[in-house]
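**Q** Submitted below is the structure of interest, expressed as structure tokens.
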There are 2 protein chains.
Amino acid sequence: MSVGDFLLRRVAELGVRHLFGVPGDYNLWFLEQVERSDQVEFVGCCNELNAAYAADGAARITGVSALVTTYGVGELGAIAGVAGAYAERVPVVCIIGAPPLQAIEAHALLHHTLADGNFGNMLACHREFTVAQTRIVPANARCEIDRVLRSCWIEKRPVYLQLPSDVAALTIDVPDEPLDLAAPSSDPDQLALAILRIATRVTEARAPALLLDAEVGRFGLTEPVMGLIEAHSIPFATLPSAKALIDEAHELHLGTYRGAGSAPEARAAIEESDCLLCISVRLTDAATGIFSHRLRSEEIIHIRAFDVTIGMDNIPGVTGAEVLSGLVTAPPIRPRRILPPRAKPPKRLPPQFARPLTHKRFWQRMQDFVQAGDVVLADNGTCSAGTAGLRMPCGVTVVGQPLWAAIGYALPALLGTLLSAPRRRQLLFIGDGAFQMTAQELSTILRRGLKPIVFVINNDGYTIERLILGPDSSYNDINQWRYAEAASFFDTRDQAISYTVHTENELEDALVAAEHPGSLVLIELVMSRMDAPRSLVNFARRAAEFDFPQLSRVLVQPVPDRRGFQTRAVHEGDALQKEGPSSLGRTVSLRRIAH
Amino acid sequence: MSVGDFLLRRVAELGVRHLFGVPGDYNLWFLEQVERSDQVEFVGCCNELNAAYAADGAARITGVSALVTTYGVGELGAIAGVAGAYAERVPVVCIIGAPPLQAIEAHALLHHTLADGNFGNMLACHREFTVAQTRIVPANARCEIDRVLRSCWIEKRPVYLQLPSDVAALTIDVPDEPLDLAAPSSDPDQLALAILRIATRVTEARAPALLLDAEVGRFGLTEPVMGLIEAHSIPFATLPSAKALIDEAHELHLGTYRGAGSAPEARAAIEESDCLLCISVRLTDAATGIFSHRLRSEEIIHIRAFDVTIGMDNIPGVTGAEVLSGLVTAPPIRPRRILPPRAKPPKRLPPQFARPLTHKRFWQRMQDFVQAGDVVLADNGTCSAGTAGLRMPCGVTVVGQPLWAAIGYALPALLGTLLSAPRRRQLLFIGDGAFQMTAQELSTILRRGLKPIVFVINNDGYTIERLILGPDSSYNDINQWRYAEAASFFDTRDQAISYTVHTENELEDALVAAEHPGSLVLIELVMSRMDAPRSLVNFARRAAEFDFPQLSRVLVQPVPDRRGFQTRAVHEGDALQKEGPSSLGRTVSLRRIAH
């Protein structure tokens, strides 16, 4: 079997169905092999960064995906997306078509390199953002492909394989067995110890609680976590990064915990818990409202994919999956019935004719529009903040980048999620600045005849940055595009319906069309420059204090701790913040386009 | 003076007038400082890769430029462009707004990082593609800013400065003296030795010749090189990467040397020279028609920026500038008057009504269209090949990426060249696949009211890849866009004129409008899928043989040498190549849009 075909077989065994990427001379032979494959399909993207985002989006639905680029120019174009997948713990197999092996070994001066004979720099660069790397040569192909793909699967992070152009065609002996995807198992004694200690702590606790992060989903821990919650009636909260991971209507769901920005009940239950089980939790600035959490580290038990920490004691050699399963059936814990008080669902008010659309009213409306089973993609900024405020119906998947937070991520990611869940309705919320970053990938979505509903918020610039610093500074301005014409520019087949919406009743008209879409629907929402969900305004103020302590009269005094970073200062200067709507300073013509 | 203002002052002293980039929370304070600067202007781009390309384009005109991004997401988005600048030897100052210093030192878990407390990975990654790197802190700012900027200037390559968000505002003592930009000087004895040995070799030679590469321009060596050529009547050729560097009408100009693809006279003069002075030459695959050059290394004298190599002897400690200047006035060398035979300029044939446009005829037409003093940007592939075949009028600057060869480079680079040479006419030639990579930067060009002439070749996919492998394979296909509507989508002010051209007479109509443009002119050229300049077809065939030796019946036997890579095989299999025009397999509607 050829090396390229073997790699394809292994990638298919991993569960990959789509290879996102861009052709380049060094990967063409491998792409010919993909072309002949009946298991894996190539999805050509407009550029490599977009391809990386699409692969990331696909992996969040299917569990793993792959990216194909060419050496140097291609892989570096994608690396920001790969680093994002690493940060957010998304497994993406990066396959790089490299120059022919003999040229590498001769240090030849080639295009797509620095022409200095160095063929180690690209791999060195990717070592920072992948958990396993290799250059495939005929002698190591059989071992190395399996090693690297297994790392991707086990660690749920990107891996890097360089495939020299000539090596793809060479024949090697390959094993008959499928790729070994068995999860690592725990040391039995360590596992028993961990379960006993945690069970004891939970039993003795007055008010145990769970806090969940996104990796619960990545590592497939949702089921044992739910088992634990239900077996012992432990209330739980999710970090913003774990939005909609668990049914938000669950009777023990406290809501989202985000430090000072949490609802009071959720905040009290988590911060006052005397036994807080943190499942794969990373207390980042983004997840905690810029370190506004007040958790007592001695009361925290961290259960992670491959270890457990109880207070200051670390227990390695155990898997989170086995610890959680063990806890479900651990010696009976005193049953609890502390049902947290439930927040009332927001009431929907009727639309007001000709009233300019605001974030507040738009997201209220979206609360009814989002349906069970939807895939909801939210780009960073006003859109992620708006989405975070919704109570998601059962079975909704929320896709975003709460940690890496690269604007422009969500549109190409939508290509990946659409191909991976073709029967689910998919909604994208994206701001204008973000849309401009990666807009061309709408072309590939249209090329494939996919039919998402795309909301583009046209508020004339980088509103999240304006909220942090420079509300009227020119660097936060962008050019005005005819967003509603995007689908007719990026595709010639007139297969989309587009609206430009200024008012609430125009929004209603557009949503009627979007309710039963037989085509892609693009809705441009014209909103005021400084309008934003309240949670984002608060977050931005805290971010400004953190990034630019000189803004406050009292200087920020950071007190670093082991796992995060806490600030104690009170923000007293407010001169740079201008909240609330301001005029756009220009006229956006009312246009409504329907092909 | 604040650290940020001092950095701005130094960057201005270096000669930077535009900072290309994208705002992000960590760089906002610095951007506020830029906003208040009267020497340096911020140019916001749609995304970071485009900003890097724009900075690269600007530096090729003005000698140096700068890029501002935010930590992690921003800098990695730009790194492919920075690596390209490194490869092509273009000095770009990369300024990265980093998290506040105390958070870095506390290893805080921040957004835009991997949330693992590692703040060294971004710098490590950039170390591969920049010649100096630093994190600016108050204690080192005064020294480090100067050290890093000086490296950029001296080595003509990108440098990397991380500016923590809080550091930008802090006040430091700064020197009154401007930035020291003095070029390094030679060791006097080594310099005398180098000049003597080279002068002797030239004097004794039967047929000396010069071969020039792009770095002659980057290091400002054009004048001493011309002095040497004229003082001793030495004929010279330019590599494809040095296109139009020297007046192509010069009586001693042999034309372009590209190995086997050279005109016979140029090839003979270079390959049969018994004293070949190579000025800053890198014999890459791209410059030599995939190592088809046949040079005798013992006859070569390499004069580079900071050393000289005569045969096998290296002489360090000398600068190319001083060696060249010394040679101009070296003890009299026997004057020579070997004037090379001149190729006749191609004749222009009248347009043929309704004849579908071909590359051959289009580039013949462009020979007349290009004017003295134009800036000509050519993206890689059919466009760079077509441009390479033109005899450029005096004073034309050609901008492209012959070595790094990232498609999509030239459109954002055009933003940089337009802002840097606002009074020169600027032409962009770009293919559809390349255009789709970075198309949104047309928005910034329109936002600034700039007025280039943009030719987009719509030939339905990646033609350069089709010529290498997979002419009919789907991975080389792209979606059809309404290219002629680009300017009306990416901007709302209707300040462009657009044409879709299928035939020679339609091209003439469009060129009439473009001759005296008061607005941006965009001309979509619909061409056949497999049509391409002959030189590109030949190059692609050689690239296919090199990348995929299995294509040939006789396997390629590479013979590595010290500086490059040579192949000796004869390509005998041709099954995968389909040359000449083929039908597009679809109908492109004739549209002509003029606002």
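**Q** What residue, of B:Gly4, B:Gly81, B:Gly74, is more than 23 Å from A:Ile468 (Cβ to Cβ), in contact (Cβ under 8 Å) with a residue 40 or more places away in the chain and not in a strand (DSSP E or B)?
**A** Of the residues listed, the single one that is more than 23 Å from A:Ile468 (Cβ to Cβ), in contact (Cβ under 8 Å) with a residue 40 or more places away in the chain and not in a strand (DSSP E or B) is B:Gly81.
**Q** Follow-up. Sort out which residues of the range A:207-216 are in contact with a Cys (Cβ under 8 Å, 6 or more places away or on another chain) and either open to solvent by 10 Å² or more (accessible area, probe 1.4 Å) or more than 23 Å from A:Thr329 (Cβ to Cβ) (or both), and write them in order of number.
**A** Scanning the range A:207-216 gives A:Ala207, A:Asp213.
**Q** If I go through the range A:440-463 residue by residue, how many of them are among the basic types (Lys, Arg), within 14 Å of chain B (Cβ to nearest Cβ) and touching a Gly at 6+ places or on another chain (Cβ under 9 Å)?
**A** Selection size over the range A:440-463: 1.
**Q** Could we say that A:Glu272 is open to solvent by 10 Å² or more (accessible area, probe 1.4 Å) and farther than 26 Å from A:Val90 by Cβ here?
**A** yes
**Q** Then there is this: Quick test for you: out of B:Leu49, B:Leu67, pick the one residue that is more than 17 Å from B:Ser420 (Cβ to Cβ) and either touching a Leu at 6+ places or on another chain (Cβ under 8 Å) or assigned to a helix (DSSP H, G or I) (or both).
**A** So the residue among B:Leu49, B:Leu67 that is more than 17 Å from B:Ser420 (Cβ to Cβ) and either touching a Leu at 6+ places or on another chain (Cβ under 8 Å) or assigned to a helix (DSSP H, G or I) (or both) is B:Leu49.
**Q** Related question: All but one of (1) away from every other protein chain (no Cβ under 13 Å); (2) more than 20 Å from B:Ser151 (Cα to Cα); (3) touching a helix residue (DSSP H, G or I) at 6+ places or on another chain (Cβ under 7 Å) hold for B:Pro91; state the number of the condition that does not hold.
**A** (2) is the only condition that B:Pro91 fails.
**Q** Sticking with this one: Looking only at the range B:487-520, which residues are in contact with a helix residue (DSSP H, G or I) (Cβ under 7 Å, 6 or more places away or on another chain), assigned to a helix (DSSP H, G or I) and farther than 30 Å from B:Pro350 by Cα?
**A** B:Ala487, B:Phe489, listed by residue number.
**Q** Right, here's the next one. Of all residues in the range B:103-132 being open to solvent by 20 Å² or more (accessible area, probe 1.4 Å) and not in a loop (DSSP other than H, G, I, E, B), which is nearest to the other protein chains (Cβ to nearest Cβ)?
**A** This residue is B:Ala124.
**Q** Could you check B:Leu419 against (1) at the interface with another protein chain (Cβ under 10 Å from one of its Cβ atoms); (2) in contact (Cβ under 8 Å) with a residue 40 or more places away in the chain and say which number it fails?
**A** (1)
**Q** Answer yes or no as to whether A:Ser186 is assigned to a loop (DSSP other than H, G, I, E, B) and either surrounded by fewer than 20 Cβ atoms within 10 Å (Cβ to Cβ) or modelled with pLDDT of 95 or more (or both).
**A** yes
**Q** When you go through B:Pro471, B:Pro533, B:Pro517 one by one, which is the residue that is within 13 Å of chain A (Cβ to nearest Cβ) and surrounded by fewer than 23 Cβ atoms within 10 Å (Cβ to Cβ)?
**A** One residue alone meets the criteria, B:Pro471.
**Q** Does the range B:257-300 hold any residues that are hydrophobic (A, V, I, L, M, F, W, C) and farther than 26 Å from B:Ile468 by Cα, and which are they?
**A** The answer is B:Ala266, B:Ala268, B:Ala269, B:Ile270, B:Cys275, B:Leu276, B:Leu277, B:Cys278, B:Ile279, B:Val281, B:Leu295, B:Ile300.
**Q** Here is a check on your reading of the model: is B:Ala52 within 20 Å of the chain's Cα centre (by Cα), in contact (Cβ under 8 Å) with a residue 40 or more places away in the chain and within 11 Å of chain A (Cβ to nearest Cβ)?
**A** Yes; evaluated as a whole, the condition is true for this residue.
**Q** Going residue by residue through the range B:59-74, is there one that turns out to be open to solvent by 10 Å² or more (accessible area, probe 1.4 Å) and facing chain A (nearest Cβ under 7 Å)?
**A** yes
**Q** Also, quick follow-up: If A:Ala83 satisfies every condition in (1) closer than 24 Å to A:Gln401 by Cβ; (2) out of contact with any Phe, Trp or Tyr (no Cβ under 7 Å at 6 or more places or on another chain); (3) at the interface with chain B (Cβ under 10 Å from one of its Cβ atoms) but one, which is the exception?
**A** Failed condition: (2).
**Q** Regarding the range B:482-497, can at least one residue be identified that is more than 12 Å from chain A (Cβ to nearest Cβ) and crowded, with 24+ Cβ neighbours inside 10 Å?
**A** Yes; the residues of the range B:482-497 include at least one that is more than 12 Å from chain A (Cβ to nearest Cβ) and crowded, with 24+ Cβ neighbours inside 10 Å.
**Q** Would you tally the residues in the range B:84-102 being outside any loop (DSSP other than H, G, I, E, B), under 20 Å from the mean Cα position of the chain (by Cα) and of a type outside the set (Gly, Ala, Ser)?
**A** 5
**Q** Would you pick out the residues in the range B:145-182 that are open to solvent by 40 Å² or more (accessible area, probe 1.4 Å) and either within 21 Å of B:Ala58 (Cα to Cα) or part of a helix (DSSP H, G or I) (or both)?
**A** B:Arg147, B:Arg150, B:Trp153, B:Glu155, B:Leu181
**Q** Quick check: anything in the range B:189-203 open to solvent by 30 Å² or more (accessible area, probe 1.4 Å), aliphatic (A, V, I, L, M), within 23 Å of B:Arg10 (Cα to Cα) and not in a strand (DSSP E or B)?
**A** no
**Q** Looking only at the range A:217-267, count every residue that is in contact with a Cys (Cβ under 8 Å, 6 or more places away or on another chain) and buried (at least 23 other Cβ atoms within 10 Å of the Cβ) and tell me the total.
**A** Qualifying residue count for the region: 0.
**Q** Sticking with this one: Give A:His250, A:His293 a once-over and let me know the one that is in contact with a Gly (Cβ under 8 Å, 6 or more places away or on another chain), farther than 30 Å from A:Ser185 by Cα and not hydrophobic (A, V, I, L, M, F, W, C).
**A** A:His293
The values are calculated or read from the model by the stated rules, or taken from the named source; none is laboratory data. Since the model is a prediction, treat every value here as computed from it, not as a measurement. Ideal geometry is used to build each Cβ from the backbone, glycine not excepted, and the neighbour counts take in all protein chains shown. For the accessible areas, the whole protein counts, side chains as well, though only heavy atoms, and no ligand, DNA or RNA atoms are used. Shrake-Rupley method; radii C 1.70, N 1.55, O 1.52, S 1.80 Å.
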